[in-house]
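The values are calculated or read from the model by the stated rules, or taken from the named source; none is laboratory data. Keep in mind that this is a model prediction, so the values were computed, not measured. We place every Cβ from the backbone using ideal geometry, glycine too, and count neighbours over all the protein chains shown. Heavy atoms of the whole protein, side chains included, go into the accessibility calculation; ligands, DNA and RNA do not. Shrake-Rupley method; radii C 1.70, N 1.55, O 1.52, S 1.80 Å.
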Amino acid sequence: MSEIYDNKSVSDFEKEPENLDPENEKLPDATPDNEDNLSEDTDPFAELQIKYNDLNDSFLRLNADFDNYRKRTVKEKADIIKSGGERVLINIIPLIDDFERALQTIRSASDNPALIEGVELIYSKFVSFLNQNGVKEIEARGQVFDPERFEAVTTIPVEDPEQKGTVVDCLQKGYELNDKILRFPKVIVGE
């Protein structure tokens, strides 16, 4: 070891720091260039922290926007359900007026054909209103009995073999809305 250190021991180096030749050995000094090198070492972390903060902020904003959107659509859906029948009810009000006029006329009139004509007019107006809103009467009489579309009340014996398994009579009309059955027709089936 002594050959390497020119006959100086380790303790000699500790005692004589001024004997170091600044031209042969350069110690790192705190110059502005070295400060840039040090800041480059910490810059990737700082940059990553900034990116993380930006992404986290945008995530939080996006999450809040989505939560607001979800709340708004739930509220709008509740409003639609609450007032969904409003349009139908508004269109029914004129029919109530017609029934009231018909009742007043029935009480004071002696002309039965005119009363029948007035009630038939109201009935046709109401059926027209239902058709405009997609409600249709289910044709039952003469149809082959289908338990998915009809409710059989009873069966009766029939003489004609073609009427076996078909709807002979309809006790109560059925209605459907856009191919969804609102009320099943109550029918009598031939056997």
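Computed values, structure above
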{"quantity": "Unique residue being of a type in the set (S, T, N, Q), over 28 Å from Ile181 (Cα atoms) and modelled with pLDDT under 80 when the list is Asn112, Asn91", "calculated": "Asn112"}
{"quantity": "Considering residues of segment 154-172 that are open to solvent by 80 Å² or more (accessible area, probe 1.4 Å) and either among the basic types (Lys, Arg) or touching a strand residue (DSSP E or B) at 6+ places or on another chain (Cβ under 6 Å) (or both) only, the residue farthest from Glu137 (Cα to Cα)", "calculated": "Lys164"}
{"quantity": "Index of the failed condition, Asp36 passing every other in (1) modelled with pLDDT under 80; (2) charged (D, E, K, R); (3) open to solvent by 100 Å² or more (accessible area, probe 1.4 Å)", "calculated": "(3)"}
{"quantity": "Single residue of segment 173-191 satisfying the filter (of a type in the set (D, E, K, R) and open to solvent by 50 Å² or more (accessible area, probe 1.4 Å)) that is farthest from Tyr123 (Cα to Cα)", "calculated": "Glu191"}
{"quantity": "Among (1) under 15 Å from Asp179 (Cα atoms); (2) surrounded by 14 or more Cβ atoms within 10 Å (Cβ to Cβ) - the single one Phe145 does not satisfy", "calculated": "(1)"}
{"quantity": "Residues being more than 37 Å from the chain's Cα centre (by Cα), touching a residue at least 24 places away in the same chain (Cβ under 8 Å) and open to solvent by less than 50 Å² (accessible area, probe 1.4 Å) - total across segment 117-142", "calculated": "1"}
